[in-house]
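In what follows, a single structure is set out as structure tokens and then discussed.
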Amino acid sequence: MRITLKQLSIFEAVARSGQVARAAEMMNLSAPATSMALAELEKQLDARLFERVGNRLRLNSQGSLLLPLATEALQKVNQIEHVFSSPEAELSGTLNVSASSTIGNFLMAKSAVAFCQQHTSALVDLDIDNTQAVIKSVLEFRSEIGFIEGQCLDSRLKVESWHKDRLLIFCHPAHPLAGQVVSPHAIRGMPWVMREEGSGTRDYFISAANALDMQPVERFSFSTPDAIKQAVKQGAGLAVLSELTLEKELNRKELAVIEVEGLALTRQFYRIHHKSRNLTPLCDAFNDFCIKFNKLELNVD
């Protein structure tokens, strides 16, 4: 059985008007086409729906049973059309986003909350993990868009520059090199508290350190900035994190910065999405919002 919305609309028009000719006018159809559609509906339902009384058609018991169901179905369709044709429809629903640790905790979480407060029919489901996990989530279509701190060379993904960030080497305030500018040789072979394997921060720093033959010795490895900062406060060694994560501790003088000559630790953040996936209007709107929001938050021109 394949009842069409057109058949239900014609049936309702005939039921309301009592005449095929008037229903045809209401539907902007010819009388024969209207009569044929009504006959086809009765054939599919294997039931007569009207009784002829004079020059009018009146619903019989079967027709009276169908009318409220047909009306409800047509109203639901109108409701669907209205919802998806309204300007708000494009900014409704759930957007799945993945972000690596620093971006997720210090940029995207604030952006997601602010965006959803502005667009109350939208929900941003933000998953925070390391760079490799974000790449995997986008590749497997679990996330529509991802934000990462490390490089991504997978040809299936489109990679775009997003924000810039600066890494800082830091230590306990009582460390003999605290607050100094030193040569790479001065910290060669010192113990370090590192981010875990798969972290963009870790990969970027190791590559830069190896270029200067700094030979950092990994003593501890943790997956969160808070754990790394706590370990450094306990004197476990040197560490490197985004300046986004260190502002509070540096202002309180709970940690101190070490500058290394010739070590450039300005890095690029990236936005990624699958090349075979078209971004939804909701995703585009969120991305534009994040760019503007984070410029205000970071006072970036």
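Structure values in brief
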quantity: When residues of the stretch 1-38 are limited to those that are surrounded by fewer than 20 Cβ atoms within 10 Å (Cβ to Cβ), more than 17 Å from Glu51 (Cα to Cα) and aliphatic (A, V, I, L, M), the one modelled with the lowest pLDDT; calculated: Met1
quantity: Residue in the stretch 117-133 that is under 22 Å from Asp284 (Cα atoms), more than 17 Å from the chain's Cα centre (by Cα), modelled with pLDDT under 95 and open to solvent by 50 Å² or more (accessible area, probe 1.4 Å) present; calculated: no
quantity: Ala227 closer than 24 Å to Arg188 by Cα and in a loop (DSSP other than H, G, I, E, B); calculated: no
quantity: Residue check for Phe205: assigned to a strand (DSSP E or B) and open to solvent by less than 80 Å² (accessible area, probe 1.4 Å); calculated: no
quantity: Selection from the stretch 265-294 of residues that are of a type outside the set (Ser, Thr, Tyr), surrounded by fewer than 19 Cβ atoms within 10 Å (Cβ to Cβ) and closer than 20 Å to Met194 by Cα; calculated: Gln268
quantity: Output for the stretch 41-65, where each listed residue is open to solvent by 30 Å² or more (accessible area, probe 1.4 Å) and more than 21 Å from Thr4 (Cα to Cα); calculated: Glu51, Arg52, Val53, Gly54, Asn55, Arg56, Arg58, Ser61
quantity: Test: residue in the stretch 54-76 that is on the phi > 0 side of the Ramachandran plot, in contact (Cβ under 8 Å) with a residue 60 or more places away in the chain and in contact with a helix residue (DSSP H, G or I) (Cβ under 9 Å, 6 or more places away or on another chain); calculated: no
quantity: Filtered residue count, the stretch 209-264, keeping only those that are among the small types (Gly, Ala, Ser), within 28 Å of the chain's Cα centre (by Cα) and open to solvent by 40 Å² or more (accessible area, probe 1.4 Å); calculated: 1
quantity: Test: residue in the stretch 271-287 that is more than 21 Å from the chain's Cα centre (by Cα), modelled with pLDDT of 90 or more and aliphatic (A, V, I, L, M); calculated: no
quantity: Yes/no for Lys136 being part of a helix (DSSP H, G or I) and open to solvent by 40 Å² or more (accessible area, probe 1.4 Å); calculated: yes
quantity: Top-ranked residue in the stretch 93-116 [being over 12 Å from the mean Cα position of the chain (by Cα) and among the hydroxyl-bearing types (Ser, Thr, Tyr); ranked as surrounded by the fewest Cβ atoms within 10 Å (Cβ to Cβ)]; calculated: Ser101
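The values are calculated or read from the model by the stated rules, or taken from the named source; none is laboratory data. What you see is a predicted model; the values in this text were computed from it and never measured. We place every Cβ from the backbone using ideal geometry, glycine too, and count neighbours over all the protein chains shown. What goes into the accessible areas is simple: the full protein's heavy atoms, side chains included, and nothing from ligands, DNA or RNA. Shrake-Rupley method; radii C 1.70, N 1.55, O 1.52, S 1.80 Å.
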